[in-house]
Amino acid sequence: MANYSRNCKDCGRRINLRLMPHGRWVAFEGDEPHDCGQRPADRTAPPVRPSRLPSAEEPAESFTPLYPKVPESPILGPTLTPLQPSQAPRGPNSPTTSAPAPRPISTPQPTPPPRGLPTHVGPAPAPRPTPPPQPVPSHTPSRLGAFLALITGLLGSTVGLLFAAFGLLSLPLSMVAVMHLTGWSWFSAIVGILVFSWIPLVGQLGYLVLAVMGAYYLWTANFDWQQAVYPPAQTFSVSTLSDTELERFRTDVVRRGFEKACKSDAIKALGFDGKLPTRAASQCECFATNFAAKLTRDDLIAYERSGQYPEDLQQRLGIELRRACQN
């Protein structure tokens, strides 16, 4: 067992470091593990010293043993029998001198076993450098495993299934909402949605809102794609409009329609390079404004039923329009 001795770095006492079977060095002080806060029990016997040492001036008394001297016994061991040279047959020309006898081989004596603990003699060997602890390799989960775990968790519950279905259908539902609101084609709707979704935070929230609106439009249309994307025009009757709504109808619908028709006819008659003279444009605006203001509910109801205004309308409004827009 490998070991070496040195002074403790904390308490300064002499310790003996021994290599254990599990590969670690353990400090011992005698036969007990070393503890800096507690000294081990002293089990060594006190040295035996003579009561009085003889001085150099006094002659030492000669020692006479009281027992007879025993002759030294020889060292016990295997007895070596000298090898006798074999008598080779002598020929007529062989020499008469005999071969020399071999020397006896000495037997090594057994070394007595050591007593006590092994003690290192000489300078203390340098301790072996302890290898630095190897970092435990971190387990980095793969993206594919995390994605599969997410899908498995979502599919394990009804709410997860709903969220997964909504995530897969969010783009088509957003297309339904955009096409319903703007009348765009499907290609324009996809491009607009992708560009809008790249806006941070606002784009993501708007994408979610459009998907919800598309689901609502599809549900109200009884899951009819064409009806949800291109809803039929809603109808109304002039007779059911309130006074406020009638006034808005005159200004936003009748006036604009009459002005547009007047300018279109004026361009065909007086236009140059697609441009309309200033005086003709101002007269069209004046006629449209006064014509819409002079119309009554009955005139509009008659036009709604037959597609023509009453016959007396031109007689009633002709003179007033010429007076208002004569310049």
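The values are calculated or read from the model by the stated rules, or taken from the named source; none is laboratory data. This is a predicted model, so every value here is computed, not measured. Note: ideal-geometry Cβ built from the backbone for every residue, glycine included; neighbour counts use all protein chains shown.
Kindly list the number of the only condition in (1) out of contact with any Phe, Trp or Tyr (no Cβ under 7 Å at 6 or more places or on another chain); (2) at pLDDT 85 or above; (3) of a type in the set (A, V, I, L, M, F, W, C) that fails for F236.
If we test F236 against (1) out of contact with any Phe, Trp or Tyr (no Cβ under 7 Å at 6 or more places or on another chain); (2) at pLDDT 85 or above; (3) of a type in the set (A, V, I, L, M, F, W, C), just (2) comes out false.
Does the range 263-283 contain at least one residue that is touching a Phe, Trp or Tyr at 6+ places or on another chain (Cβ under 9 Å) and either small (G, A, S) or at negative phi (or both)?
No, the range 263-283 contains no residue that is touching a Phe, Trp or Tyr at 6+ places or on another chain (Cβ under 9 Å) and either small (G, A, S) or at negative phi (or both).
When you go through (1) farther than 30 Å from T296 by Cβ; (2) loosely packed, with under 12 Cβ neighbours inside 10 Å one by one for P231, which number turns out not to apply?
(2)
Exactly one of (1) in a loop (DSSP other than H, G, I, E, B); (2) farther than 25 Å from T240 by Cβ is unmet by C286. Its number?
Of everything listed in (1) in a loop (DSSP other than H, G, I, E, B); (2) farther than 25 Å from T240 by Cβ, C286 misses just condition (1).
Need a quick list: helices (runs of 4 or more DSSP H) entirely within the range 164-229 having at least 2 residues that are within 30 Å of T152 (Cβ to Cβ).
186-197, 202-220
Which of the residues belonging to the range 279-316 are more than 19 Å from K260 (Cα to Cα) and in contact (Cβ under 8 Å) with a residue 24 or more places away in the chain?
R297, I301, E304
Give the residue, chosen from P127, P135, P172, that is at pLDDT below 75 and more than 22 Å from the chain's Cα centre (by Cα).
P127
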